[in-house]
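What follows is a short report on a single structure.
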Amino acid sequence: MSDEKKELTFTFDEDGKEYKVEDLSEEHKILYNKVTLVNQQRQEVIGNANFEVEKLEILAKHYSNALKDAVEGEDSKVEVVE
């Protein structure tokens, strides 16, 4: 194993240039940390939202199946409209 520390770098999507975090001023390091934190939070929100949608889809399918069983069951008095 190597004892080398990997240099922390970042890029902007527009130009693809790579920059070293250690070369930033203290003020710019704070901005870098804020960008990193916001991006992490954004990914977490997206992940949570996707999970909530998945849960709602599961519930909708469950209730749809329950309703179908209710109206198509032997004891059903619901008339089929054509």
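Within segment 16-45, residues that are part of a loop (DSSP other than H, G, I, E, B) sit with their Cβ atoms under 7 Å from residues that are modelled with pLDDT of 95 or more, at 6+ positions apart or across chains, in these pairs: LEU24/TYR32. Quick check: is even one residue across segment 38-58 basic (Lys, Arg), within 30 Å of VAL78 (Cα to Cα) and out of contact with any Leu (no Cβ under 9 Å at 6 or more places or on another chain)? Scanning segment 38-58, I find at least one residue that is basic (Lys, Arg), within 30 Å of VAL78 (Cα to Cα) and out of contact with any Leu (no Cβ under 9 Å at 6 or more places or on another chain), so the answer is yes. Kindly indicate the residue of segment 66-82 that is part of a loop (DSSP other than H, G, I, E, B) and open to solvent by less than 100 Å² (accessible area, probe 1.4 Å) and also modelled with the highest pLDDT among those meeting that condition. The extreme case among them is GLY73.
The values are calculated or read from the model by the stated rules, or taken from the named source; none is laboratory data. Quantities reported herein were computed from a predicted structural model and do not represent experimental measurements. Neighbour counts run over all protein chains shown; Cβ positions are idealised from the backbone, glycine included. To get the accessible areas, we keep the full protein, side chains included, count just its heavy atoms, and leave off ligands, DNA and RNA. Shrake-Rupley method; radii C 1.70, N 1.55, O 1.52, S 1.80 Å.
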